[in-house]
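Report on the following structure.
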Amino acid sequence: MWRSVARRSSQVRRLLSTSAPPAGPLATVPAPCIVQKRGNDILNDPWYNKDTAFPLTERDRLGLRGLLPPRVMSFEQQYERFINSYRSLEKNTRGEPDSIVALAKWRILNRLHDRNETLYFRVLIDNIKDLAPVIYTPTVGLVCENYSGLFRRPRGMYFTAKDKGEMMSMIYNWPQEKVDMIVVTDGSRILGLGDLGVQGIGIPIGKLDLYVAAAGINPQKVLPVIIDVGTNNEKLLEDNLYLGLRQPRLEGEEYMAVVDEFMEAVHARWPQAVFEDFQMKWAFETLERYRNRFCMFNDDVQGTAGVALAGLLGAVRAQGRPLHDFTSQKIVVAGAGSAGIGVLSMAKQEMSRMLAKTGEEGHNQFWVLDKNGLITKDRKDLDPAVANFARGHGPNEIPDLHEGASLVEVVRKVKPHVLLGLSGVGGIFNEEVLKAMKESDSPRPAIFAMSNPTTKAECTPEDVFKHVGENAIFASGSPFSNVSLGNGKTGYANQANNMYLFPGIGLGALLSGARHISDDMLQAGAECLASYITDDEIQKGILFPEVSSIRHITARVGAAVVRAAVAEDLAEGCRTVGPKELGSMSESQTVEYVARNMWYPIYSPLVNNK
Ligand SMILES: NC(=O)c1ccc[n+]([C@@H]2O[C@H](COP(=O)([O-])OP(=O)(O)OC[C@H]3O[C@@H](n4cnc5c(N)ncnc54)[C@H](O)[C@@H]3O)[C@@H](O)[C@H]2O)c1
Ligand SMILES: O=C(O)C[C@H](O)C(=O)O
Ligand SMILES: [Mg+2]
């Protein structure tokens, strides 16, 4: 794989330097947009509303004369006005508790989202590094926790256990003819915050904001969905203001029947869905059940796996070793849930692929812990997905590492190259554990604290560089600031979040017209991400690109996914571009094709058709 990564990486760099960045508008004169509405109905529709930027001719044409103040502002002026208010808010809330500031920022953005989508997404795209933490992790976690109190307007669709038998007709209540991307949760495991019931809808909303900002999915064609089958969160059940079904979660066949009906209903109208933040048992069950029947993937299992794999390969490069040495890296994973097992499965697959090329035999390179400590074959009632990684009693085992051993014991004895956390428990990579990582067999011990939101991160970058040393490599699921190490040196706080992959996987699947999303398509996306970072950056401890380049990355990941779909004969083409044409595109032409199809927020002239 390394050769293909290196080749791809040089092509990607060439493309970056020679072609226009996919972040900007591709046509200077936007195509007109036909609207069926007039007057106030347009002003109240965030998809068409331009606020004070409606030109006079359009105000006449659309019955808006007199409904707006007379001065016509430009898009740029509106943009500046919003950014100024946002910066004032930052200034005025300085010194307030973090959660107050975060929610104030979310509110001002959410109000813009509700009012004027074009301006909202331009603000988001141009300031993605600053704003991703507001619309996505960590603030999205806070928003979900407080959703019932924050609720002002609905967004997306709410399917519940009480809608059984009605979903097929309900799906036609959604006003848009076409939907390209659906993100759905059942609210059962929201980030590391547990069961938040209906309030989990904040996650599909936040993820779809990223689909628009990073992948250029048209915001008129996205659909956030919550499937509310109740909640087992006692606090919510007792809360009078809770907006979801006040009943315990459906389980077993009753649960599956609701999700099955939703999938059939949604599929009757639109093709693509992404599953997000389902508790482990349902994450795996629904993935197995639907992945070959529908064009869907589970982002926590599969998106996370690809991002982690890119990081793990980066950690090998940082040690100055050939990629093949990945097969002998010792990896300790804290968390045997949907994300942890997803990562382990993909990493194991990658190791097997590498070993198959040289005909070598591999060993179990993973030590996995859950809330009861190290998982061994002595563990009773092991989930089959987890059992694959349980430690045994063979000659390759480290003596004395018993069932249920603590994290610090495991790290001390294994001396892993990588310590990866997907436990949802904040702070478990404590001083003792990190000091044990100092004895790692790697010259660049890597610590991935991937749990979200920030409060659930297994450790902070400060702790890592202090206790493990300056040569350590750090990545986290939620954003942290880099650490100044003195002597002008920087300890990089990478963000290892599935946001680097899910937009590209979705976009690639859409633009290839893939019937379903295969392992090869996912692997191609992960390899593309891994190749994005140069050797110089890797040496500095940079494993993932800046969030500000997410649109560039997504165009390339999307193209890699398209090409993998074509290679596997899964691509049926999209709109006027058929499978044959997709197959004849070179790598750079595929990137251009993907970039060309990314929506970009500019005001289109509106033409009334009523
Ligand atoms: N960075 C990313 O892109 C990304 C992607 C997906 C999930 N996540 C995060 O990963 C976390 C877990 O997600 P999930 O879907 O796997 O959840 P899950 O509930 O399915 O799994 C959590 C696992 O952690 C284990 N665990 C609990 N306490 C532990 C401890 N003290 N030590 C070791 N293991 C412990 C549990 O037993 C379980 O196996 C969440 O915080 C989520 O936000 C991050
Ligand atoms: O939502 C995120 O930030 C990443 C991931 O999907 C998670 O569940 O934590
Ligand atoms: Mg998730």
Which condition number in (1) without any contact (Cβ under 8 Å) to a residue 24 or more places away in the chain; (2) within 17 Å of the chain's Cα centre (by Cα) is the one that Thr576 fails? (2)
Of all residues in segment 311-339 being within 15 Å of ligand 2 (Cβ to nearest atom) and either at positive phi or in a helix (DSSP H, G or I) (or both), which is surrounded by the most Cβ atoms within 10 Å (Cβ to Cβ)? Ala339
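Taking the stated definitions as given, is Pro445 away from ligand 2 (no atom under 16 Å from the Cβ) and crowded, with 24+ Cβ neighbours inside 10 Å?
Judged against the criteria, Pro445 is a match.
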How many residues does segment 516-548 hold that are in contact with a Gly (Cβ under 7 Å, 6 or more places away or on another chain), farther than 30 Å from Trp270 by Cβ and not in a loop (DSSP other than H, G, I, E, B)? 2
Over segment 319-334, the set of residues out of contact with any strand residue (DSSP E or B) (no Cβ under 6 Å at 6 or more places or on another chain), closer than 20 Å to Tyr500 by Cβ and touching a residue at least 60 places away in the same chain (Cβ under 8 Å) is Leu323
Could you grab me the full set of residues in segment 276-310 that are more than 15 Å from ligand 2 (Cβ to nearest atom) and part of a loop (DSSP other than H, G, I, E, B)? Arg291, Asn292, Arg293, Phe294
Restricting attention to segment 509-526, which residues are in contact with a helix residue (DSSP H, G or I) (Cβ under 6 Å, 6 or more places away or on another chain) and not β-branched (Val, Ile, Thr)? Leu511, Ser512, Ala514, Asp520, Met521, Leu522, Ala524, Gly525, Ala526
So Tyr172, is it in a helix (DSSP H, G or I), surrounded by fewer than 14 Cβ atoms within 10 Å (Cβ to Cβ) and touching a residue at least 60 places away in the same chain (Cβ under 8 Å): yes
When segment 282-309 is examined, which residues are found to be more than 11 Å from ligand 3 (Cβ to nearest atom), without any contact (Cβ under 8 Å) to a residue 60 or more places away in the chain and not acidic (Asp, Glu)? Thr286, Leu287, Arg289, Tyr290
Restricting the search to segment 566-598, which residues are assigned to a helix (DSSP H, G or I) and over 19 Å from Ile217 (Cα atoms)? Val566, Ala567, Pro579, Lys580, Glu581, Leu582, Gly583, Ser584, Glu587, Ser588, Gln589
Can you find, within segment 175-200, the residue that is farthest from ligand 1 (Cβ to nearest atom) among those that are touching a residue at least 60 places away in the same chain (Cβ under 8 Å) and within 30 Å of Val35 (Cβ to Cβ)? Lys178
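Considering Val386, Val411, Val343, Val368, which residue is within 16 Å of ligand 2 (Cβ to nearest atom), surrounded by 16 or more Cβ atoms within 10 Å (Cβ to Cβ) and closer than 24 Å to Phe448 by Cα? Write out each step before concluding.
Values: Val386 fails: within 16 Å of ligand 2 (Cβ to nearest atom); Val411 fails: within 16 Å of ligand 2 (Cβ to nearest atom); Val368 fails: within 16 Å of ligand 2 (Cβ to nearest atom).
Of the residues listed, the single one that is within 16 Å of ligand 2 (Cβ to nearest atom), surrounded by 16 or more Cβ atoms within 10 Å (Cβ to Cβ) and closer than 24 Å to Phe448 by Cα is Val343.
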From the list Ala509, Ala493, exactly one residue is more than 26 Å from Thr139 (Cα to Cα) and of a type in the set (A, V, I, L, M, F, W, C). Which is it? Ala509
Close pairs (7 angstrom Cβ cut-off, 6 or more residues apart or separate chains): closer than 17 Å to Val143 by Cβ in segment 103-130, of a type in the set (Lys, Arg) and surrounded by fewer than 20 Cβ atoms within 10 Å (Cβ to Cβ) anywhere: Asp114/Arg153
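In segment 346-365, which residues are under 23 Å from the mean Cα position of the chain (by Cα), crowded, with 19+ Cβ neighbours inside 10 Å and under 23 Å from His393 (Cα atoms)?
Ala347 - this is the single residue of segment 346-365 that is under 23 Å from the mean Cα position of the chain (by Cα), crowded, with 19+ Cβ neighbours inside 10 Å and under 23 Å from His393 (Cα atoms).
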Tally, over segment 101-143, of residues that are under 24 Å from Glu76 (Cβ atoms) and within 16 Å of ligand 1 (Cβ to nearest atom): 2
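Per-residue answers, yes or no, for (1) buried (at least 19 other Cβ atoms within 10 Å of the Cβ); (2) out of contact with any Ser or Thr (no Cβ under 9 Å at 6 or more places or on another chain):
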site	(1), (2)
Ile100	no, no
Tyr120	yes, yes
Val123	yes, yes
Ile135	yes, yes
Arg152	no, yes
The condition from (1) touching a Ser or Thr at 6+ places or on another chain (Cβ under 7 Å); (2) closer than 27 Å to Tyr600 by Cβ; (3) not in a helix (DSSP H, G or I) that Ile182 misses is numbered (1)
Go through (1) outside any helix (DSSP H, G or I); (2) under 20 Å from the mean Cα position of the chain (by Cα); (3) not acidic (Asp, Glu) for Ser604 and report which single condition fails. (2)
Extreme residue, surrounded by the fewest Cβ atoms within 10 Å (Cβ to Cβ), among residues of segment 470-508 that are in contact (Cβ under 8 Å) with a residue 40 or more places away in the chain and hydroxyl-bearing (Ser, Thr, Tyr): Thr490
Breaking point among (1) on the phi > 0 side of the Ramachandran plot; (2) buried (at least 24 other Cβ atoms within 10 Å of the Cβ), for Gly194: (2)
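Quick note: the coordinates plus some simple rules give every number you see, no bench work behind them. This is a predicted model, so every value here is computed, not measured. Heads up, the Cβs are rebuilt from the backbone with ideal geometry, glycines too, and the neighbour counts pull from every protein chain shown.
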